[in-house]
Structures are given as structure tokens and as C-alpha cells.
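These notes are about the structure you will find just below.
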Amino acid sequence: MLAVLAHPDDESFGMGGTLALYAQRGVAVHLVCATRGEAGEMDASYLQGYASIAERREEELRCAAQNLGLAGVDFLDYRDSGMSGSEDNQHPQALAAQPVEQVAARVAHHIRRLRPQVVLTFDPIGGYKHPDHIAAHDATVLAFHLAGSQDFQDVLPPYQSQKLYFHLFPKGWLRFAVMILPLLGKDPRRFGRNQDIDLLSLVEQGNFPVHARINFRGAAQQKDLAAACHSSQLSGAGLRRGPLRWFQDLFGNYDLYMRAYPPPEPGLRERDLFADVTT
Ligand SMILES: [Zn+2]
């Protein structure tokens with residue numbers, strides 16, 4: 001299994017339960033992370049003993065990977081583009097500023113090298129519209145097909161993965177958040193530590209079909225341990241505190257996915273991302 005994501009912490013806060021679950025089942029679960037989260041903000045105390053934000057966040061990712069039981073982590077060495085409209089968007093190495101074909105070629109190389117049967121990435125709006133998540137999505141969709149094509153030239157031979165899934169933002173949690181935040185005196189259009197996440201627009205635009213629902217209860221503890229590794233990103237009012245956290249604990253030991261390949265038949269509801277995978 002290969003997950004293609006954008007920043008250190010995407011693997012833990014997003015689909016971490018799924019990754020830990022399959023690792024627990026003996027699957028070799030690999031991660032390709034496009035950036036080192038250079039644009040992430042952190043308290044100066046977290047930088048003590050580190051040369052840069054990137055170095056700190058890479059170490060947090062290594063810690064998380066160990067807790068999730070990942071078989072390997074590779075970086076694409078692009079730079080975090082920051083949220084939409086921020087100065088980091090303009091950096092020449094910013095992931096979101098790269099031609100999609102170029103990023104896809106690098107991802108396709110990793111697919112040929114690792115030969116994953118199942119590939120996971122963000123949904124088409126990158127979960128919450130982070131430009132890097134959208135860039136990783138676009139590149140992975142292209143790479144999934146490039147890797148299997150004779151026309152794509154690489155030092156490694158073609159390899160066609162069997163399944164491609166997009167991880168979906170938890171819908172029940174989203175609807176609950178939109179309902180409860182105004183009661184707490186908070187604006188659901190300005191959510192998150194940087195107040196730049198519009199939850200209402202996610203409810204409206206993120207209405208993707210659910211084709212797979214993965215119960216990761218058996219690996220929930222590993223997910224929590226992995227998330228705790230990203231301590232520099234946990235300060236302030238994050239996604240993981242208060243009533244929203246309570247809701248997640250109560251209903252949240254599931255990851256939802258849309259299946260992009262093979263094309264889903266109507267009414268598809270999988271419980272295992274490896275269903276019908278052949279060796
Ligand atoms: Zn991210």
C-alpha cells in the first residue's frame with residue numbers, strides 16, 4: 001500500500017487509522033510525502049535543537065511512521081506552499097507551483113519502485129482545500145496511470161497498481177462541527193488555528209460518494225500515538241480538542257474513501273481496501 005500525501009502530519013491526522021490497521025495486518029505500508037511542511041507555524045520552543053522547521057517536522061514524521069508501523073517514508077523534496085494566498089505560494093520550489101506532469105513523474109517512479117497494489121491520496125479538493133493537498137491529488141491520479149504505461153519512460157519497468165482511493169474528510173464530523181461551532185461562539189467559516197478553513201464550503205463542495213468505510217478501531221491507539229508525535233502542530237485550538245474531539249471519539253474510528261479506480265459500480269460499499277486485489 002502506498003499513501004501519497006503533502007505534509008508531515010497528513011499521514012496521522014487524516015488516514016492514520018487506515019495506515020496503522022493495514023500495517024498491523026502485515027501489509028507493507030509506504031508513505032511518499034511531497035514536502036517537509038516548511039510553512040507550518042510553530043512555537044519557538046519546538047525549534048530548540050533543530051536547524052529549521054523542516055528538520056523538526058521531518059523528525060515528527062519519522063516518529064509517527066514508527067508508531068503507525070510504516071515500512072518506509074520517502075520525500076519528494078518540494079516545499080510547503082502554505083495556505084492559499086500566503087507568501088509561501090510564490091516560492092520557486094512550492095509544491096503547488098510545480099507542473100503536475102513533473103510531480104506525477106516522481107510519484108510514478110515511486111509506484112514502479114514500491115509496486116503497491118493499493119494507492120491512497122487526498123480527495124479532489126484536498127480535504128480542506130489546501131493547495132498542496134490538491135497538487136498531491138492531481139499528481140497521484142496522473143501517476144497512477146503513468147506508472148502502468150509503456151509510454152512513460154523511467155529507469156524501472158511499468159507497474160499498474162490495482163486500486164486508487166481518495167480519503168474523504170469525515171462527513172458526520174463536518175456536519176456536527178458546522179452545527180456546534182456557532183453554539184460555542186465560533187464561526188464555522190473561519191475554522192482551524194489559522195482561521196482559514198471554511199467548513200461550510202467543505203460541506204457544500206466536498207460531497208463525494210463514499211465507496212469504502214474502514215473501521216480502524218484495532219489501530220486507534222497507534223493513530224493517537226502517531227498524532228502525538230506532531231507536537232509542534234498541536235498547540236492552540238486544533239481539530240482534536242473539546243466537543244469535536246468527543247464526537248470523533250464516539251463516532252470517529254472510521255476512515256471514509258471514494259474509489260477512483262477501478263471505476264466503482266453503483267452502490268459500492270467496501271469494508272476492505274484490499275477487497276478483490278490479486279497478488
Ligand atoms: Zn497537509
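Quick notes
- The charge dipole of segment 1-108, taken about its Cα centre with unit charges on the Cβ of Lys, Arg, Asp and Glu (plus for the first two, minus for the last two), comes to roughly 400 debye.
- In the chain, taking the dipole from charged Cβ atoms about the Cα centre, the farthest positive-side position among 42, 67, 126 is held by 67.
- Packing, taken as the mean count of other beta carbons within 10 Å per residue, orders the peptides 80-93, 124-137 from highest to lowest as 124-137, 80-93.
- Working ranking of peptides 54-61, 158-165, 268-275 by packing, defined as the average number of other Cβ atoms within 10 Å per residue, highest first, is 54-61, 158-165, 268-275.
- Less than 5 angstrom separates the built amide H of residue 270 from those of 212, 213, all sequence-distant by 5 or more or on a different chain.
- Legend note: in the chain, cysteines whose Cβ sits 4.7 Å or more from every other cysteine Cβ are 33.
- Highest to lowest packing among 100-111, 30-41, 174-185, scored as the average C-beta count within 10 Å: 30-41, 100-111, 174-185
- Karplus-based coupling profile of segment 166-171, in residue order and whole Hz: 10, 6, 9, 4, x, 5, with θ = phi - 60° in 6.51 cos²θ - 1.76 cosθ + 1.60 and x standing for Gly or Pro.
- In order along segment 260-266, the Karplus-derived 3J(HN,Hα) couplings, from 6.51 cos²θ - 1.76 cosθ + 1.60 at θ = phi - 60°, round to 9, 8, x, x, x, 7, x Hz, and Gly and Pro are given as x.
- Near residue 197, the amide H atoms lying under 5 Å from its own belong to 191; only residues 5 or more places off or on other chains count, and H is placed 1.01 Å from N.
- In sequence order, calculated HN-Hα J values of segment 89-98 (Karplus, 6.51, -1.76, 1.60; Hz; x Gly/Pro): 4, 7, 4, x, 9, 4, 3, 5, 8, 7
- Cα-Cα P(r), the chain, percent of pairs per 5 Å interval: 1, 6, 12, 17, 20, 19, 14, 7, 3, 1, 0, 0
- Rounded, prolate or oblate (a/c below 1.5 giving rounded, otherwise prolate when a/b exceeds b/c) for segment 1-60 by Cα gyration tensor: prolate
- Contact order, relative form, for the chain: 23 percent (alpha carbon pairs under 8 Å, 6 or more residues apart, mean separation divided by residue count).
- DSSP beta bridge pairing in the chain, given as percent antiparallel to the nearest 5: 35 percent
- Note on residue 163: lysines with a C-alpha under 28 Å away, same-chain residues under 8 apart excluded, are 129, 171, 223.
- Near residue 61: Cβ cut-off under 12 Å, other residues only, Lys/Arg at +1 and Asp/Glu at -1. The net charge is -4.
- Positive-end residue, the chain charge dipole about Cα centroid, Cβ charges, pick of 86, 117, 194: 117
- Placed amide H near residue 164: partners under 5 Å, 5+ positions off or other chain: 119, 260, 261
- Residue-averaged 222 nm ellipticity for the chain, from DSSP H runs of 4+ at -39500 (n - 2.57), nearest 500: -11000 deg cm²/dmol
Throughout, read-outs are computed from the coordinates displayed, never taken from laboratory work. Small disclaimer: the values here were computed from a predicted structure and weren't measured. Cβ coordinates were reconstructed from backbone atoms using ideal geometry, including for glycine residues, and neighbour counts include every protein chain displayed.
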